[in-house]
Amino acid sequence: MSNREKNFVSGVIYVHNAENRIEKFLKSIIGVLESNFEHSEIICVDDFSDDGSVDKIKKISLEVTTTCVSIVNMSYFHGVELAMNAGVDMAIGDFVFEFDNTNLDFDKSVIMEIYRRSLEGYDIVSASPRKSTKLTSKLFYGVFTKFTSQSYKMGTESFRVLSRRVINRINSMNRTVPYRKAIYANCGLNTDNIVYTSVGGRGDGPADKKERFYRTNLAVDALILFTEAGYSFSMTMTVLMMLMSVFMISYSLIMYFIAHPVEGWTTTILFFSVAFFGLFGILTIIVKYLQLLINLIFKRKYYSFKSIEKLTK
């Protein structure tokens, strides 16, 4: 056992009504950490589960030997982002594994594969399944990639490992992290992704109504906060309204000189054409200002570097 890794690692696991999956998943993670690391901890973030998930975790914790197991009990349903933020804030490891769900569709060796990859100079290494994703996920990531300025291409991820440097930088950039993957992609450090072949089914199980509603809102919020989709839509509508206004103004003037319309019709059409164009123009400016404020709040950083090379000892 003397060849185990010296680095202290933390595993943060999101748990919400996972009674049927948590036992197998947690035992697998504990087995990997205890076999490969001298010091490790697991933090299970219970996001207000109303099943027997917590009891299962407590039962499994009695079987561990070297790994410290903790439970963070959220006061009410927060959703995966805030709940995972709470767990990562309490993690003390040099490296932190983030498990956003308890679906064990990967071989245990993938955990050490992404850890060893991080030792090669990558501060964020994620693991993604090699299979087709849901249509809604493809649509979300497609829109996100199209309207974002970052070079990192995001996609469906099962879990990831973060170096302590990433966590320190994120904390210096933001007090609140509304969507971790976008913040990680924007932090400027080296990232990598490992694709694995799924072992069996994902076994997601039907998500409850609260979780489905939360994930839908999260997708919309992420597109608004971290992409230019809203501004692009507003700008497109403004251009369309401008073209329509030019057409209506031209049409109104032609009708005024040729067809002799009802008195006041031309003036009314001209007023509404200019008014709608002005309204969309003002909304576009407002959206742009809001986007600038979002950039200052969620994307602020004084400087950014990928790595440090020590040339002399």
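Computed from backbone phi, the HN-Hα couplings of segment 23-36 come to 5, 5, 5, 5, 4, 5, 5, 4, x, 5, 5, 6, 7, 10 Hz, rounded to whole numbers (Karplus: 6.51 cos²θ - 1.76 cosθ + 1.60, θ = phi - 60°; Gly and Pro given as x). Residues whose amide H falls under 5 Å from that of CYS68, counting only those 5 or more places apart or on a different chain, are SER40, GLU41, ILE42, with hydrogens built in the peptide plane. Quick one: of LYS6/LYS134; LYS59/LYS131; LYS56/LYS153; LYS108/LYS146; LYS6/LYS58; LYS58/LYS134, which pairs are farther than 32 Å apart, Cα to Cα? Table pairs above 32 Å Cα-Cα are LYS6/LYS134; LYS59/LYS131; LYS56/LYS153; LYS108/LYS146; LYS58/LYS134. Packing, taken as the mean count of other beta carbons within 10 Å per residue, orders the peptides 52-59, 16-23 from highest to lowest as 16-23, 52-59.
All of the numbers you see were taken from the coordinates with simple rules; none came from a lab. The structure presented is a predicted model; accordingly, all values stated were derived computationally and were not measured. All Cβ positions, even for glycine, are placed from backbone atoms using ideal geometry, and neighbour counts span all protein chains on display.
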